[in-house]
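Data first, discussion second: the structure below is written as structure tokens.
The values are calculated or read from the model by the stated rules, or taken from the named source; none is laboratory data. The shown structure was predicted, so the numbers you read here are calculated from the model rather than taken from an experiment. As a convention, Cβ positions derive from the backbone with ideal geometry for all residues, glycine included, and neighbour counts pool all protein chains shown. Keep in mind that these areas ignore ligands, DNA and RNA; they rest on the heavy atoms of the full protein, side chains included. Shrake-Rupley method; radii C 1.70, N 1.55, O 1.52, S 1.80 Å.
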Amino acid sequence: MGTGSDRIVKSGNRIAMKRILKIVAVILVIGIGAFFYLRESQGMDMPTGQEGPAAEQLAQRILDACNVDAWDQTRYVQWTFAGSNSYLWDRTLGKVEVVSGDQRVILNTADRSGVAYDVGQQLQGEDAEEALTSAWA
């Protein structure tokens, strides 16, 4: 009969195994996608553009449709990815706050430096580096 600590260790091993399997699955999907993309793109010529008034008009219509003036004036952009990771991007300061569970990371987009917290406590050393790398992924 297992003790309470045995169950905790087994539970931790299952979580670690699930994380490894998820990473392997993502790498596999990306690898397969890259293979097919490269295979297809090697046989195709890149399209060539033509300069001139018609091209300029098209570019301006695209910028107008995207409301580029509003985008240029937007300081903060916030979104959630996959229902679990939340992002807050300060375009002016070049910083992104990434929140995933109890972990919060503030990244500097210019040099990928930053600071990481777990349950409100600042992480140091290897733990901080791992959190920063994970937030960039």
Task: For the chain, accessible area per residue (1.4 Å probe, heavy atoms of protein chains only), Å² - done: 84
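What is the sum of charges around Ile106, taking Lys and Arg as +1, Asp and Glu as -1, for the other residues whose C-beta is under 14 Å from the C-beta of Ile106?
Result for the neighbourhood of Ile106: -1.
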Task: Probe 1.4 Å - accessible area at Glu40, Å² to nearest ten - done: 100
Task: Estimated vicinal HN-Hα couplings, Hz - the range 75-86 in sequence order (Karplus 6.51, -1.76, 1.60; Gly, Pro = x) - done: 8, 10, 10, 10, 7, 10, 10, 6, x, 10, 9, 10
- [ ] Could you look at the chain and say what percent of its accessible area is carbon and sulfur, using a 1.4 Å probe and all protein chains?
- [x] 58
TODO: Assuming R0 = 41 Å, can you tell me the calculated FRET efficiency for the pair Ala55 and Ser134, based on Cβ-Cβ distance, to the nearest 0.05?
DONE: 0.45
Task: Relative contact order computed over the chain (Cα-Cα under 8 Å; 6+ residues apart), in percent - done: 9
TODO: Report the calculated FRET efficiency for Cys66 and Ile20 (r = Cβ-Cβ distance, R0 = 35 Å), to the nearest 0.05.
DONE: 0.30
- [ ] Give the shape of the range 16-110 as rounded, prolate or oblate, defined through the alpha-carbon gyration tensor: a ≥ b ≥ c are the square roots of its eigenvalues, a/c under 1.5 means rounded, and otherwise the shape is prolate if a/b is larger than b/c and oblate if not.
- [x] oblate
TODO: Could you please put Tyr87, Tyr76 in sequence from largest to smallest accessible area, using a 1.4 Å probe?
DONE: Tyr76, Tyr87
